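A.B. asks: Input: one structure, supplied below.
The values are calculated or read from the model by the stated rules, or taken from the named source; none is laboratory data. Everything quoted here is computed from the prediction, not taken from an experiment. Cβ placement follows ideal geometry from the backbone for every residue including glycine, while neighbour counts extend to all protein chains displayed. When the accessible area is computed, the model is the full protein with side chains, heavy atoms only, and any ligands, DNA or RNA have been set aside. Shrake-Rupley method; radii C 1.70, N 1.55, O 1.52, S 1.80 Å.
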Amino acid sequence: KFCLEATKDEDAGGGGAVPDNPEQVLEAMDPQQRSWLEDALKDMSVDVIQQLGNGIKILMSDATDLDEKEETLDCLEDWLGNIDMAVNFHKIGGFACIRKCLLSQHPSLRTGAAHLVAEICQNNEYCQDKLVQEGFLELLCNQLDSDDDEACRVKALYSISCLCRDYTPGREAFSKLDGWSIVVRAILSDIPKLRTKGCFFLGVACDDNPKTVEELARMGLVQQLASILQVPLELTHEHVLRLLLTLVQHSQDARREAIDPALGIESALKDRLVEGQGKDEFRESVAHITNLMKLCSTKDD
């Protein structure tokens, strides 16, 4: 049906009337032509499963060269964006080759595997469940916290975010692994992408679950974010300020900590405001600073 619908306009261009109902087209089709079409579609479906199996063999083999493995990961990414295909990939043992790539000595395979995990688990509760059960969160946490390759760390954070967002069991498992502390360390690093993506992830997690807000507040996240704001205004501060605003808006404990004069947030915000005013690239930062200053002012307390 899909093929008939997709080529309907082309067929109509030949001068013949094309019925709107693909079933009618099939019924009217020459039996030999119909048989050929059905066999071709069947072969296409089988071929994808076969290709998935071949991809697993390539990634599991120690004899395959690196370029072929990288190309295979790219192909798997294209195929496994489909939820049903991702489920089938797990059922034929595909997650074992992802694990092997995550543990590879080659950064390109670790990066590609982490990105593949992210693609597989988005809006796919079956795969999210299997990935958590089979220990992939632990692997990704280790990659985020300890990998010496920047791209690997960034992709690990992306995967963790996809595994935990809108999926309570994933978020709870991540919390038990002290995952929030790992993300905070990433935010405190000097890698802009880790800071940006880490702040975004924690902000979304706070919006999704009030318990996460309180957990992060108890961890001292306010103090950690305040330390970042002690230096001159930079582009990554926009995401730090947005996360800090989220904490202060949703947690009384966070707000009490923020207005503590010893922390120096109010004076830091004033300095950053002066630096950002009138500059288009800091427009969002200035808006966040203004809102934070209202919430963190000690004049009314």
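Matching residues to (1) touching a helix residue (DSSP H, G or I) at 6+ places or on another chain (Cβ under 8 Å); (2) open to solvent by 80 Å² or more (accessible area, probe 1.4 Å); (3) at pLDDT 65 or above:
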| site | (1), (2), (3) |
| --- | --- |
| Q32 | no, yes, yes |
| A40 | no, no, no |
| G55 | yes, no, yes |
| S61 | no, no, yes |
| L66 | yes, no, yes |
| C75 | yes, no, yes |
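A.B. asks: Take the residues in region 203-233 that are touching a Leu at 6+ places or on another chain (Cβ under 9 Å) and of a type in the set (S, T, N, Q), then tell me which one is surrounded by the most Cβ atoms within 10 Å (Cβ to Cβ).
C.D. replies: Among those that are touching a Leu at 6+ places or on another chain (Cβ under 9 Å) and of a type in the set (S, T, N, Q), it is T212.
A.B. asks: Please specify each residue of region 182-202 satisfying the condition of being open to solvent by 10 Å² or more (accessible area, probe 1.4 Å), touching an Asp or Glu at 6+ places or on another chain (Cβ under 9 Å) and outside any loop (DSSP other than H, G, I, E, B).
C.D. replies: Across region 182-202, the qualifying residues are I182, R185, P192, K193, T196.
A.B. asks: Let me ask you something else. All but one of (1) touching a residue at least 24 places away in the same chain (Cβ under 8 Å); (2) of a type outside the set (V, I, T); (3) under 19 Å from K155 (Cβ atoms) hold for D190, so report the exception by its number.
C.D. replies: Exception for D190: condition (1).
A.B. asks: Still on this structure: Filter region 169-181 down to the residues that are touching a residue at least 12 places away in the same chain (Cβ under 8 Å) and open to solvent by 10 Å² or more (accessible area, probe 1.4 Å) and list them by number.
C.D. replies: P169, R171, A173, S175, L177, S181
A.B. asks: For residues that are touching a Phe, Trp or Tyr at 6+ places or on another chain (Cβ under 7 Å) and part of a helix (DSSP H, G or I), tally how many sit in region 211-264.
C.D. replies: Residues meeting the conditions: 3.
A.B. asks: Further question on the same structure: Given the options S104, S108, name the one that is surrounded by 15 or more Cβ atoms within 10 Å (Cβ to Cβ), assigned to a helix (DSSP H, G or I) and not aliphatic (A, V, I, L, M).
C.D. replies: Just one listed residue meets the conditions, S108.
A.B. asks: Further question on the same structure: When Q128 is evaluated against the numbered criteria (1) farther than 16 Å from A156 by Cα; (2) assigned to a helix (DSSP H, G or I), which criterion, by number, is the only one it fails?
C.D. replies: (1)
A.B. asks: Looking at region 144-160, which of its residues are surrounded by fewer than 24 Cβ atoms within 10 Å (Cβ to Cβ) and of a type in the set (S, T, N, Q)?
C.D. replies: Across region 144-160, the qualifying residue is only S146.
A.B. asks: From L273, L247, L295, L225, grab the single residue that is over 22 Å from D190 (Cβ atoms) and in contact with a Cys (Cβ under 9 Å, 6 or more places away or on another chain). Walk me through how you get there before you give the answer.
C.D. replies: Details: L273 fails: in contact with a Cys (Cβ under 9 Å, 6 or more places away or on another chain); L295 fails: in contact with a Cys (Cβ under 9 Å, 6 or more places away or on another chain); L225 fails: over 22 Å from D190 (Cβ atoms).
After ruling out the rest, the residue left standing is L247.
A.B. asks: To continue, here is another question. Against the definition (open to solvent by 10 Å² or more (accessible area, probe 1.4 Å), hydrophobic (A, V, I, L, M, F, W, C) and over 22 Å from L144 (Cβ atoms)), how does L292 come out, yes or no?
C.D. replies: No: the conditions fail for L292.
A.B. asks: Additional query: Cβ-Cβ distance below 6 Å, separation of 6 or more or different chains: which pairs start in region 69-94 with a residue that is in a helix (DSSP H, G or I) and of a type in the set (K, R) and end on one that is modelled with pLDDT under 95 and open to solvent by less than 80 Å² (accessible area, probe 1.4 Å)?
C.D. replies: Close Cβ pairs satisfying both conditions: none exist.
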